[in-house]
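Here is the structure we will look at.
The values are calculated or read from the model by the stated rules, or taken from the named source; none is laboratory data. No experiment lies behind these values; they were computed from the predicted model shown. Positions of Cβ are backbone-derived with ideal geometry, glycine not excepted, and every protein chain shown enters the neighbour counts. Ligands, DNA and RNA are excluded from the accessible area calculation, which covers all protein heavy atoms including side chains. Shrake-Rupley method; radii C 1.70, N 1.55, O 1.52, S 1.80 Å.
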Amino acid sequence: MAGRYDPNPFEEEVEVNPFAGEGKQAKSSGQSNFSGGAFYMANPGSVPPASNSRLSPLPPEPADFYNPTATVDIPLDSGKDLKKKEKDLQAKEAELRKREEVLKRKEDAAQRAGIVIEEKNWPPFFPIIHHDIGNEIPIHLQKLQYTAFSTLLGLTLCLTWNIVAVTTAWIKGGDATIWFLAIIYFIAGIPCAYVLWYRPLYRAFRTESAMSFGWFFMFYAVHIGFCIFAAVAPPIFFKGKSLAGILPAIDLVGGNALVGIFYFIGFGLFCLESVISVGVLQQVYMYFRGSGKATQMRQEAARGAMRAAF
């Protein structure tokens, strides 16, 4: 149809400004159904100006924000808190210094009086005595001191086994009195052995005291005599069955083999204790004479006798 005119849609463009002020309208010539595209708005005047729609910028991140090992600044206390803490620390320091001075005065007084403060450290699980051979006994005497200590432990073993043997004999038809005697031997024997002969030997080796050597020789001889007596166990007290020696073992093995065996074991323990103790006494006496302590002891005894005479 040659006479018909087709308008060119691109002949005239429509300008649409979505940010234009209120009252302005877009130009439209020949297009009534314009959709507006992606930027078309029904009320373009309600859009705020571009300068007012910007968000406030975020504060800059620290340089080590992503560093897990970075240090964190913790605010310090105020000046008043610091001064208060400083005063408390000074007061505690003064109190500790005062206690140290009092303790030092006591230690000095004890040292001048000849008193040795000993810390209990043995046995480790329940300290009841002071025992430190490695640090307090001279090296050339440590072996002998350990051997003497083994005789103290050996006596403990002998008296413990004696309770077991006597308890067995009592259960098998013996007298209850022998069991009470065995308990008395154990309760009195071990503390007396430590106080009367082991501690004097320990102090003698530690301080080279002649009087301590004298106490050791006297009571260690009593210890050896008791061990020999217990090994034989003559029928003096309650037919000798309160001690696990050879004579009651022979007497009991015929009636009850188990009780007899227990007594024979006790006899062997007392014999071993006696032999080791005799060896310790001999070695200590040889050292005592070789070190010149025998002469010193005689001189001290003579001076003591003269003082008593005058």
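Suppose the filter is at pLDDT below 80 and not in a helix (DSSP H, G or I); does residue 73 pass it? Full working, then the answer.
On the way: at pLDDT below 80: yes; not in a helix (DSSP H, G or I): yes.
Criteria met by residue 73.
Pick from 172, 106, 120: which is closer than 17 Å to residue 259 by Cβ, at pLDDT below 90 and surrounded by fewer than 18 Cβ atoms within 10 Å (Cβ to Cβ)? Write out each step before concluding.
Working: 106 fails: closer than 17 Å to residue 259 by Cβ; 120 fails: closer than 17 Å to residue 259 by Cβ.
Of 172, 106, 120, the one residue that is closer than 17 Å to residue 259 by Cβ, at pLDDT below 90 and surrounded by fewer than 18 Cβ atoms within 10 Å (Cβ to Cβ) is 172.
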In this structure, does residue 167 turn out to be among the polar types (S, T, N, Q), more than 30 Å from residue 285 (Cα to Cα) and in contact (Cβ under 8 Å) with a residue 12 or more places away in the chain?
yes
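For every residue, the table says whether it meets (1) assigned to a helix (DSSP H, G or I); (2) surrounded by 20 or more Cβ atoms within 10 Å (Cβ to Cβ); (3) touching a Lys or Arg at 6+ places or on another chain (Cβ under 7 Å).
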{"position": "206", "(1), (2), (3)": "yes, no, no"}
{"position": "213", "(1), (2), (3)": "yes, yes, yes"}
{"position": "221", "(1), (2), (3)": "yes, no, no"}
{"position": "225", "(1), (2), (3)": "yes, no, no"}
{"position": "228", "(1), (2), (3)": "yes, no, no"}
{"position": "231", "(1), (2), (3)": "yes, yes, no"}
{"position": "236", "(1), (2), (3)": "no, no, no"}
{"position": "247", "(1), (2), (3)": "yes, no, no"}
{"position": "252", "(1), (2), (3)": "yes, yes, no"}
Quick check on this structure: which one of 157, 153, 181, 196 is open to solvent by less than 40 Å² (accessible area, probe 1.4 Å) and out of contact with any Cys (no Cβ under 6 Å at 6 or more places or on another chain)?
181
Got a number for residues in segment 254-281 being at pLDDT below 95 and buried (at least 23 other Cβ atoms within 10 Å of the Cβ)?
1
Being closer than 30 Å to residue 241 by Cα and open to solvent by 10 Å² or more (accessible area, probe 1.4 Å) is the requirement here; does residue 134 meet it?
no
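Does residue 189 satisfy being in a helix (DSSP H, G or I) and open to solvent by less than 60 Å² (accessible area, probe 1.4 Å)?
Working: in a helix (DSSP H, G or I): yes; open to solvent by less than 60 Å² (accessible area, probe 1.4 Å): yes.
For residue 189, the condition - in a helix (DSSP H, G or I) and open to solvent by less than 60 Å² (accessible area, probe 1.4 Å) - is met.
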